[in-house]
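None of the figures in this text is laboratory data; all of them are computed from the coordinates on show. Note that this is a predicted model, so its numbers are computed, not measured. Cβ placement follows ideal geometry from the backbone for every residue including glycine, while neighbour counts extend to all protein chains displayed.
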Ligand code: ME8
């Protein structure tokens, strides 16, 4: 039995945040559940490296796009490691095979007539990398991120999605297990009913060079979605390893948030039908983590939470438990530190921690740390064992139905019920009256520890490794009652989930929201900005965007600087200007020229101006 899970590939235009961590943790947890239930799984995540957003971010930093994306990759891989995420494939769209496969796919569709050239005029949002129709604009701005859109008029290539709409509609109508949560199915059918416009799949290379060139017209690059979505097939052997692809692809589940529902439930299936590839098995569309002010947490809104600090302080398992338990799949969730502490303290420290301690400590104290026999029964044992068997039967189908919340509800209820079973049977009293009966109760309680821990292991993998220590590393992984072996030695549980002192935490600085736009003075202090004079300025051959300048920073410090200002200045316009230079940036090579700093400028609407300073100021003076 095989299973293939995917996350979106994330834009590399800033550091990842809670939202990115969440989808990847969610997908990781599902992959781990499938593994637990005996599946051979593959899990792909990665990054979406092309596109206008990345290109603009790189230019802003004075870097080439590739240098820029390379520099940001560790932020993603390190965060995923911190979150105990075990992906099989970390996909980068700048990899060479991807490049070729995207071109092969495009050529195939072009040859079939599904891709054709036409005129396009419309509003384009660079933040969301999406064309926005006039009727969707809100106050002339993008409905998704609220930023201004720009009017794009160009000849472009289009994919004829409508050709496959009917076939796709039939596919959805015939299935109840394709789109999760199920209430999203009608939304998708509604989009199809309205009719599908041709999808613009290209951008003029001269305007946006950072993309994969169309194989049939190298004046164009393919626009993000055709490049990005095919990572899912390309990463699992498409056009490369047929056996692998055929084995895993039909089992695919795509996970994402609702912001990219349209791209996944409309663009992608019609693309796959055109490619002649089977549609994925299912898609899970979750809600958004909301930031302060009730708005979607997003890099462009600057209201994101950095999970790193929470994980460093409270551990990855508590963090994973919180995000997976708190977010009701399909709906939006609000992240607050108060809720986080409450969940940790009640369910992990009190309920689960208590159970681990009580059962293992009583066995250590009264049974020489050996698992007791289970030969006798109290009146509570029968119903307890039944309930327990029911739990094992219910969790697996709930996971297949993406009902993670219900599965976790059931597991946590079982943990509470085991604590209640201990209270009802009172083994601390039984030990004085009937040691054999006491041993039987403790056997059942410890078996509940084993099974509930196993069922929680996909959510709290790191703590699960520590729980295994109770069983001296030898924990039977079978989800069946009665697998503990009497006579085997165990260890006492150490405090696995220490309680968080809420009052102490509340006194700490609230650090949960990291405003992308705010930096400390210590960070600002790292940037050295100096006065300079432009003493040479030329065009850069092959680029209509760059000027090659030389800037005098005084004391013989002459810098070569490549500046993205050619659209706003002729070379001679800027000669002898007194300007400001970021002078301690690492040199980067742009179009073959080393750039040893950055000219400071201000963009206002469509215009850009260099920041000029009083020529009376000496050269090389630091901004203070
Ligand atoms: O859209 N709450 O990349 P992206 C929950 N590159 N999840 C969130 C979230 C939030 N506030 N913010 C982000 C792209 N996410 C494209 C995808 S796929 C072929 C190409 C998660 O960096 C969520 O999974 O904007 C969302 O769908 C994804 O990050 C968007 O990531």
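As I understand it, the value is the acute angle between the Cα axis of helix 96-111 and the longest principal axis of the Cα atoms of the chain; what does it come to in degrees, rounded to 10?
So the inclination is approximately 70 degrees.
Would you kindly calculate the mean projected area, averaged across all directions, of the convex hull enclosing the Cα atoms of the range 452-498, in square nanometres?
Values: hull surface 14.1 nm².
It is 3.5 nm².
Which of rounded, prolate, oblate describes the range 68-211, given a ≥ b ≥ c as roots of the alpha-carbon gyration tensor eigenvalues and a/c under 1.5 marking rounded, otherwise prolate only if a/b is larger than b/c?
In terms of gyration-tensor shape, rounded.
What number, in percent, do you get for the relative contact order of the range 310-409 if the mean sequence gap of Cα pairs under 8 Å and at least 6 apart is divided by its residue count?
Working: 32 pairs, mean separation 30.6, N = 100.
Relative contact order comes out at 31 percent.
Roughly what angle does helix 381-400 make with the longest principal axis of the chain, taking Cα atoms, 0 to 90 degrees, to the nearest 10?
Approximately 20 degrees, to the nearest ten.
Taking only the alpha carbons of the range 225-277, what extent do you get along each of the three principal axes, in Å, biggest first?
Reported extents, whole Å, longest axis first: 33, 21, 16.
Checking a compactness column here: for the chain, what do you get for Rg(Cα) / (2.2 N^0.38 Å), N being the number of residues? Don't skip to the answer; put the middle values down first.
Values: Rg = 29.3 Å, N = 624, 2.2 N^0.38 = 25.4 Å.
Here the answer is 1.15, to two decimals.
Mind pulling the angle between the C-alpha long axis of helix 316-326 and the longest principal axis of the chain? Nearest 10 degrees, somewhere in 0 to 90.
So the inclination is approximately 90 degrees.
Set the Förster radius R0 to 22 Å, insert the Cβ-Cβ distance between residue 591 and residue 550 as r into 1/(1 + (r/R0)^6), and round the FRET efficiency to 0.05. Working shown, then result.
Details: r = 16 Å, r/R0 = 0.74.
With a Förster radius of 22 Å, E is 0.85.
Among bridges DSSP assigns within the chain, what percent are antiparallel (round to 5)?
70 percent
Based on other C-beta atoms within 10 Å, arrange 1, 271 from fewest to most. Present the calculation step by step, with values, prior to reporting the outcome.
Values: 1 9, 271 24.
By the 10 Å Cβ count, ascending, the order reads 1, 271.
Over the Cα atoms of the range 248-357, what radius of gyration and what Dmax do you get, in Å?
Computed over the Cα atoms of the range 248-357, radius of gyration and Dmax are 18.1, 58 Å.
Before rounding to the nearest 500, sum -39500 (n - 2.57) across all DSSP H runs of length at least 4 in the chain and divide by the residue total; then give [θ] at 222 nm in deg cm²/dmol. Numbers along the way, then the final one.
Numbers: 21 runs with 236 residues, N = 624.
Only helices count here, giving -11500 deg cm²/dmol.
Could you pull the Cα extents of the range 1-63 along its three principal axes, largest to smallest, in whole Å?
Sorted from largest, the Cα extents of the range 1-63 read 49, 20, 13 Å.
What shape does the range 164-265 have by the C-alpha gyration tensor, where a ≥ b ≥ c are the square roots of the eigenvalues, rounded means a/c under 1.5, and otherwise prolate means a/b greater than b/c and oblate the rest? Show your work: numbers first, answer last.
Working: a/c = 2.21, a/b = 1.34, b/c = 1.66.
Here the range 164-265 falls in the oblate category.
Taking each pair of different alpha-carbon atoms in the range 534-624 once, compute 1/r for the pair, average those values, and report the inverse of that mean as the Kirkwood hydrodynamic radius in Å to one decimal.
Working: mean 1/r = 0.0745 Å⁻¹.
Every distinct Cα pair counted, the radius reaches 13.4 Å.
Shape call for the range 98-176 from the C-alpha gyration tensor, a ≥ b ≥ c root eigenvalues: rounded (a/c under 1.5), prolate (a/b greater than b/c) or oblate? Kindly include the intermediate steps, with their values, before the conclusion.
Working: a/c = 2.09, a/b = 1.36, b/c = 1.54.
In terms of gyration-tensor shape, oblate.
So, by mean Cβ neighbours within 10 angstrom, what's the order for 308-321, 172-185 with the highest one leading? Intermediate results must be reported in sequence, preceding the final value.
Values: 308-321: 20.2, 172-185: 15.0.
Going by the mean number of other Cβ atoms within 10 Å, highest first, we get 308-321, 172-185.
What ranking of 398, 547 emerges when the number of other C-beta atoms within 10 Å of each C-beta is taken as an exposure proxy, fewest first? Let's see the in-between values first.
Numbers: 398 18, 547 24.
Least to most surrounded, the residues fall as 398, 547.
Quick check: pseudo-label points 7 Å beyond the Cα along Cα→Cβ at residue 111 and residue 246, how many nm apart are they?
Those two pseudo-labels are separated by 2.1 nm.
Given a cut-off of under 8 Å on Cα pairs at least six residues apart, what relative contact order in percent is computed for the chain?
Working: 1026 pairs, mean separation 74.9, N = 624.
Relative CO of the chain lands at 12 percent.
Which stretch or stretches of the range 374-399 have amide N atoms under 17 Å from the point lying 7 Å from residue 413's Cα along the Cα→Cβ direction?
383-399
If you count, for each residue, the other Cβ atoms within 10 Å and average over each peptide, how do 101-108, 482-489 line up from highest to lowest?
Result, highest mean Cβ count within 10 Å first: 101-108, 482-489.
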